[in-house]
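In what follows, a structure is listed as structure tokens, so that the remarks can point back to it.
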Amino acid sequence: MKIVRPVTILLMAALIAACQSSDKSEKDKATIRLITLDPGHFHAALVQKTMYDGVDSMVHVYAPDSRSAGSSDLQLHLDKIEGYNTRAENPTHWKEEVYKGADFLDKMLADRAGNVVVMAGNNRLKTDYIQRTVGAGFNVLADKPMVISASNFDKLKESFATAEKNKVLLYDIMTERYEISTRLQRAFSQQPGVFGTLEKGTPDKPAVTKESVHHFYKNVSGSILTRPAWFMDVAQQGEGIVDVTTHLVDLVQWECFPEQVIDYQKDIRLTSARRWTTDMSLNQFNAITKQNAFPDYLKKDVVNDSVLRVYSNGEINYQLRGIHAKVSVTWAYKAPEGAGDTHYSIMRGTKANLIIRQGAEQQYKPTLYIEPVPGSKDMDGALKAALPNIQQAFPGVEVKKSTSGWEVIIPEKYKEGHEAHFGRVAQKYIDYLKAGKMPAWEVPNMIAKYYTTTQALELAKKK
């Protein structure tokens with residue numbers, strides 16, 4: 001009979017414990033743990049509308065305390081998460097651990113309760129939040145825009161450099177890349193037999209145009225959205241020309257020069273930019289904020305004591321690598337009955353134009369058309385040859401004759417809706433985190449995008 005000495009047992013126990021500790025440490029390192037910082041926009045909740053493999057269900061939330069203006073924003077966020085947890089179909093199971101206090105940012109940085117910080121809220125503060133958070137070694141998934149002024153552009157640019165140094169990933173939420181009509185517009189533009197090559201265009205007739213119409217009064221996740229009052233303050237939310245146009249500028253880069261690095265110092269040249277207001281009555285303001293008076297910080301934008309003027313609209317004409325592009329965003333108060341946010345886009349090719357329309361004729365659903373330019377020959381044959389390439393990536397997609405060319409027929413399974421796209425972006429980001437890196441073009445193209453929007457605002461303000 002072999003006798004095992006006590007010291008040997010102790011050594012074995014220590015070795016087993018060390019291995020288990022090492023395994024746990026590696027598992028903890030591999031697990032993505034979310035933190036939500038100062039949620040002030042419903043996009044923060046939409047990131048959690050679904051669950052993700054490899055992401056801890058415990059989410060730590062850090063926000064201002066109950067005596068600050070941010071408290072109602074926090075409750076609206078928590079209510080949405082609870083709604084996802086308790087819905088009848090495919091409920092989530094998030095657990096929210098909330099810290100409220102004036103020192104919420106310092107507390108978050110000190111606690112290190114997670115490794116990915118989600119930011120969607122006050123855009124005036126966001127650039128500083130990003131700088132401090134990546135500086136402390138956290139990954140950041142931020143709603144757009146990451147910056148709303150030219151004066152803070154360098155701060156954002158430095159944050160990307162800091163993120164690289166600290167080996168963390170800083171990424172913004174570009175949901176529009178997942179809209180199926182846009183994905184197909186991009187795919188068909190890469191079929192030279194159908195599209196030809198992208199035109200250069202002119203300022204009066206750009207090669208690429210993207211127009212977006214949004215509404216302050218809207219339905220989100222089954223109920224009328226309550227917006228924070230500061231959403232109407234362009235000093236906090238940002239003007240329209242640096243807010244929603246972020247998506248449109250991103251799409252121009254993403255579609256025209258897919259997976260290519262854009263150098264903001266060489267490739268971008270602004271032609272013109274303009275801005276204008278959407279006017280809102282106090283009753284309309286009350287309907288979307290539940291506040292009975294304009295807060296003091298909005299008084300600067302109120303005329304006749306009753307009408308709030310919001311610089312939510314903007315247009316940018318610019319050149320990207322010599323290609324003329326135009327992006328514009330318009331905010332109306334409320335959509336017509338049966339309508340919602342809409343999008344119009346055209347890419348002009350030497351053989352055909354690729355056009356997304358979303359009006360009454362399309363029942364306010366984005367629809368892609370392929371319209372040959374005069375002189376194009378045998379488009380039937382070109383489409384027949386190109387369609388298998390499209391169907392390899394998008395099975396079930398077909399085309400049918402329309403008045404001016406062809407309509408792209410998109411199976412219902414691809415029509416997920418805007419809210420579902422937040423899960424798509426989050427999953428893409430999670431994939432990047434697991435790989436430990438992003439494609440080489442992502443960071444320089446984010447920098448180029450925000451250079452375009454912030455410089456356009458400066459140009460528009462000169463008029």
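The values are calculated or read from the model by the stated rules, or taken from the named source; none is laboratory data. These numbers were taken from a predicted model, which means no experiment stands behind them. When we count neighbours, we look across all protein chains shown, and the Cβ atoms used for this are built from the backbone with ideal geometry, even at glycine. Please note that ligands, DNA and RNA were not included when accessible areas were found on the heavy atoms of the full protein model with its side chains. Shrake-Rupley method; radii C 1.70, N 1.55, O 1.52, S 1.80 Å.
Work out how far the C-alpha atoms of region 180-231 reach from end to end along every principal axis, then list the three figures in whole Å, largest first.
Taking the Cα atoms of region 180-231, the three principal extents are 47, 26, 13 Å.
List the aspartates and glutamates whose Cα sits under 19 Å from the Cα of Lys205, skipping any in the same chain fewer than 8 residues away.
List returned: Glu255, Glu315, Glu371.
On a full-extension model of 0.36 nm per residue, what is the gain between Glu337 and Lys290, subtracting their alpha-carbon distance, rounded to one decimal in nm? Working shown, then result.
Numbers: separation 47, 0.36 × 47 = 16.92 nm, distance 2.22 nm.
Length gained, Glu337 through Lys290: 14.7 nm.
Could you work out the local net charge near Ala385, counting Lys and Arg as +1, Asp and Glu as -1, over the other residues with Cβ closer than 13 Å to its Cβ?
Details: positive: Lys351, Lys384; negative: Asp378, Asp380.
Counting the neighbours of Ala385, the net charge comes to 0.
Loop only per DSSP, at most 16 neighbouring Cβ atoms within 10 Å: give me the GluC sites (Glu not before Pro) in region 367-427, ordered by residue number.
On the way: sites: Glu398, Glu407, Glu412, Glu416, Glu419; in loops: Glu416.
When the GluC sites (Glu not before Pro) of region 367-427 are filtered for loop state and at most 16 Cβ neighbours within 10 Å, Glu416 remain.
Quick one: which of Lys266/Lys428; Lys144/Lys299; Lys126/Lys167 span more than 23 angstrom between C-alpha atoms? Please list the in-between numbers first.
Working: Lys266/Lys428 29 Å; Lys144/Lys299 26 Å; Lys126/Lys167 20 Å.
From the list (Lys266/Lys428; Lys144/Lys299; Lys126/Lys167), the Cα-Cα distance tops 23 Å for Lys266/Lys428; Lys144/Lys299.
Compute the signed sum of charges (Lys and Arg +1, Asp and Glu -1) over the other residues within less than 14 Å, Cβ to Cβ, of Lys95.
-3
What number, in percent, do you get for the relative contact order of region 255-369 if the mean sequence gap of Cα pairs under 8 Å and at least 6 apart is divided by its residue count?
That works out to 21 percent.
Would you work out what percent of the accessible area of the chain, with all protein chains in place, is carbon or sulfur (probe 1.4 Å)? Before the final figure, lay out each step's value.
On the way: 10960 of 21690 Å².
Whole-percent figure for carbon plus sulfur exposure: 51.
Report the label-to-label distance for Glu164 and Arg269 in nanometres (one decimal), using points 7 Å from each Cα along the Cα→Cβ vector.
Each label point is offset 7 Å from its Cα along the Cβ direction, giving 2.7 nm.
Report, in listed order, any pair from Lys415/Lys449; Lys155/Lys449; Lys300/Lys463; Lys210/Lys415; Lys365/Lys401; Lys155/Lys461 with a Cα-Cα distance greater than 24 Å. Show your work: numbers first, answer last.
On the way: Lys415/Lys449 27 Å; Lys155/Lys449 15 Å; Lys300/Lys463 20 Å; Lys210/Lys415 20 Å; Lys365/Lys401 18 Å; Lys155/Lys461 21 Å.
Exceeds cut-off: Lys415/Lys449.
What fraction of the Cα pairs in the chain, stated in percent, has a spacing above 41 angstrom? Spell out each step's value before the answer.
Numbers: 23725 of 106953 pairs.
In whole percent, the share of Cα-Cα pairs in the chain beyond 41 Å is 22.
Return, ordered by residue number, the residues of region 407-431 whose backbone nitrogen is under 12 Å from a label point located 7 Å along Cα→Cβ of Gln362.
407-410
As a test of the formula, what do you get for the chain when each DSSP H run with n ≥ 4 contributes -39,500 (n - 2.57) and the sum is divided by the residue count, at 222 nm and rounded to the nearest 500 deg cm²/dmol?
The helix contribution divided over the chain gives -11500 deg cm²/dmol.
Ratio of Rg to Rh for region 289-388, alpha carbon only, Kirkwood? The partial results should precede the final answer.
Details: Rg = 20.9 Å, Rh = 17.9 Å.
Here Rg/Rh amounts to 1.17.
Can you give the charge dipole size of the chain about its Cα centre, rounded to the nearest 20 debye, using +1 on the beta carbon of Lys and Arg and -1 on the beta carbon of Asp and Glu? Working shown, then result.
Working: 59 positive and 54 negative charges, 143 e Å.
Roughly 680 debye, rounded to the nearest 20.
Pop out the ³J(HN,Hα) list for region 129-144 in order, Karplus 6.51 cos²θ - 1.76 cosθ + 1.60 with θ = phi - 60°, rounded to Hz; leave Gly and Pro as x.
Residue by residue, region 129-144 yields 4, 4, 4, 5, 6, 5, x, 8, x, 9, 6, 9, 10, 10, 5, 6 Hz.
I'm a student and want to see the number: the projected area of the Cα convex hull of region 185-325, averaged over all directions, in nm².
Numbers: hull surface 44.5 nm².
The number I arrive at for region 185-325 is 11.1 nm².
Among 231-239, 271-279, 440-448, 96-104, how do they line up by average Cβ neighbours within 10 Å per residue, starting with the highest? Write out the running numbers ahead of the final one.
Values: 231-239: 22.9, 271-279: 17.1, 440-448: 19.2, 96-104: 14.9.
So the order, starting with the most tightly packed, is 231-239, 440-448, 271-279, 96-104.
Label point 7 Å out from Glu419 along Cα-to-Cβ: which residues of region 121-152 have amide N under 20 Å?
The answer is 121, 143-144.
Can you list, largest first and rounded to whole Å, the semi-axes you get for region 369-435 by taking the square root of 5 times each eigenvalue of its Cα gyration tensor?
Numbers: eigenvalues 207, 41, 26 Å².
One finds semi-axes of 32, 14, 11 Å for region 369-435.
For Asp204 and Ala385, calculate 0.36 nm times their separation in residues minus their Cα-Cα distance, and state this gained length in nm to one decimal. Please list the in-between numbers first.
Details: separation 181, 0.36 × 181 = 65.16 nm, distance 3.35 nm.
Full extension of this stretch gives 61.8 nm more.
Under 5 Å between amide H atoms, partner at least 5 residues away or on a different chain: which partners does Asn122 have, H built in plane at 1.01 Å?
Placed amide hydrogens put Gly40 under 5 Å from Asn122.
Could you work out the relative contact order of region 227-319? I mean the mean sequence separation of Cα pairs under 8 Å and 6+ apart, divided by the number of residues, in percent.
On the way: 105 pairs, mean separation 41.0, N = 93.
Relative contact order comes out at 44 percent.
Glu97's amide H: which non-local residues (gap 5+, or another chain) put their own amide H closer than 5 Å, with H modeled 1.01 Å from N in plane and none for Pro or chain starts?
Val59, His60, Val61
Give me a comma-separated list of calculated 3J(HN,Hα) values for region 38-51, in order, Karplus coefficients 6.51, -1.76, 1.60 applied at θ = phi - 60°, integers in Hz, x for any Gly or Pro.
Along region 38-51, the couplings run 6, x, x, 9, 4, 4, 4, 6, 4, 4, 9, 6, 9, 9 Hz.
At 0.36 nm per residue, minus the direct Cα-Cα distance, what do Gln427 and Lys461 gain on full extension? Give it in nm, one decimal, please. Provide the component values of the computation, followed by the final result.
Numbers: separation 34, 0.36 × 34 = 12.24 nm, distance 3.78 nm.
Once the chain is fully extended between Gln427 and Lys461, it gains 8.5 nm.
Report the local net charge at Ala440: Lys and Arg +1, Asp and Glu -1, summed over other residues whose C-beta lies under 12 Å from its C-beta.
Values: positive: Lys437; negative: Glu164, Glu259, Glu442.
Local charge sum for Ala440: -2.
State log₁₀ I(q)/I(0) for region 312-463 at q = 0.17 Å⁻¹ as given by the Debye formula over alpha-carbon point scatterers of equal weight, solvent excluded.
-1.40
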